[in-house]
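Contents: one structure, followed by commentary.
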Amino acid sequence: MLELEEKIAGEIVLSENPGLTLRKWREEFNITQAELSNFLKISPSVISDYEIGRRKSPGISTIKKIVEALIYIDMSRGSPTIRKFTKNFGSDAILDIKEFWTSVTCKKVLEYIEGKNLTENINLDRKIYGYTMIDSIKAIIEFNANDYLKIYGWSNERALIFTGVKFGRSPMVAIRAHPLKPGMVVFARPENVDPLSIKLAELENIPLVVTHLDDRTIISRLHEL
């Protein structure tokens, strides 16, 4: 359970949009703003203000209280959400997932994996905190909404590396449709890259990179970061 609490808190703290990430987890636990605010003995408007960004992002101590409240309320209901996440934290489609010891820039990741940036107008100085390597074929066949959340580890500010990519349209359409966005997208050894994929990446302001290294080499090099 501690691992789940750390994951939720870490994701909120490191997110570019803490309020949106807080809302995602509150809804994942199927807890209303009123229930959460009642447990914390604060006004529902405070929770609402955090989630829509009207109020400054909560500090670490407040985030800790919110996460503990989500866990406690879920436990009082028989722990349905806790069991869902602790039963199988991973997926066969997730080939590797890692958090970096410190933030690194997209530019540094690009260098380590000998990548080519397809979105030249997007700044590569953006900081990311980890990566997830995904088998794109298995993800299309097997992923549900819960699995999609798992790829973000402790933070959505990470590189999503897709293997088995033909044209890259499906991964970018999925990213475009979901409110949480990665900090960087990498296609490993694609057959070709659909111009639509590049356009979607540009619309979302997400660096899109291609590498021709094999999966084992990519993992080995990124584990050095």
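The values are calculated or read from the model by the stated rules, or taken from the named source; none is laboratory data. Note that this is a predicted model, so its numbers are computed, not measured. Every residue, glycine as well, gets a Cβ built from its backbone with ideal geometry; the counts of neighbours run over all protein chains shown.
Kindly indicate which of 54, 77, 23 is within 22 Å of residue 151 (Cβ to Cβ) and of a type in the set (Lys, Arg).
23
Which of the helices (runs of 4 or more DSSP H) contained wholly in the range 163-222 include at least 2 residues that are in contact with a Pro (Cβ under 9 Å, 6 or more places away or on another chain) and buried (at least 16 other Cβ atoms within 10 Å of the Cβ)? Walk me through it before giving the result.
On the way: elements: 169-177, 195-204, 215-222.
Once the helices (runs of 4 or more DSSP H) in the range 163-222 are filtered for at least 2 residues that are in contact with a Pro (Cβ under 9 Å, 6 or more places away or on another chain) and buried (at least 16 other Cβ atoms within 10 Å of the Cβ), what remains is 195-204.
Could you grab the pairs with beta carbons closer than 9 Å, sequence gap of 6+ or different chains, first residue in the range 155-183 and in the same structural domain as residue 100 (by TED's automatic domain parsing) and in contact (Cβ under 8 Å) with a residue 12 or more places away in the chain, second one in a loop (DSSP other than H, G, I, E, B) and among the aromatic types (Phe, Trp, Tyr)?
What qualifies is 158/152; 160/152; 174/143; 180/152; 182/152.
What residue, of 66, 47, 73, is closer than 12 Å to residue 18 by Cβ, assigned to a helix (DSSP H, G or I) and assigned by TED's automatic domain parsing to the domain that holds residue 10?
66 is the lone residue from the list that is closer than 12 Å to residue 18 by Cβ, assigned to a helix (DSSP H, G or I) and assigned by TED's automatic domain parsing to the domain that holds residue 10.
Suppose we keep only residues that are farther than 19 Å from residue 200 by Cβ and in contact with a strand residue (DSSP E or B) (Cβ under 8 Å, 6 or more places away or on another chain) within the range 111-120. Which one would you say is surrounded by the fewest Cβ atoms within 10 Å (Cβ to Cβ)?
114
Against the definition (more than 22 Å from the chain's Cα centre (by Cα) and over 14 Å from residue 4 (Cβ atoms)), how does residue 41 come out, yes or no? Show your work before the answer.
On the way: more than 22 Å from the chain's Cα centre (by Cα): yes; over 14 Å from residue 4 (Cβ atoms): yes.
Spelling it out, residue 41 is indeed more than 22 Å from the chain's Cα centre (by Cα) and over 14 Å from residue 4 (Cβ atoms).
In the list 31, 8, which residue meets the criterion of being surrounded by 14 or more Cβ atoms within 10 Å (Cβ to Cβ), aliphatic (A, V, I, L, M) and in a helix (DSSP H, G or I)?
8
For the range 131-169, give me the residue count where each residue is under 11 Å from residue 182 (Cα atoms) and modelled with pLDDT of 90 or more.
Residues meeting the conditions: 7.
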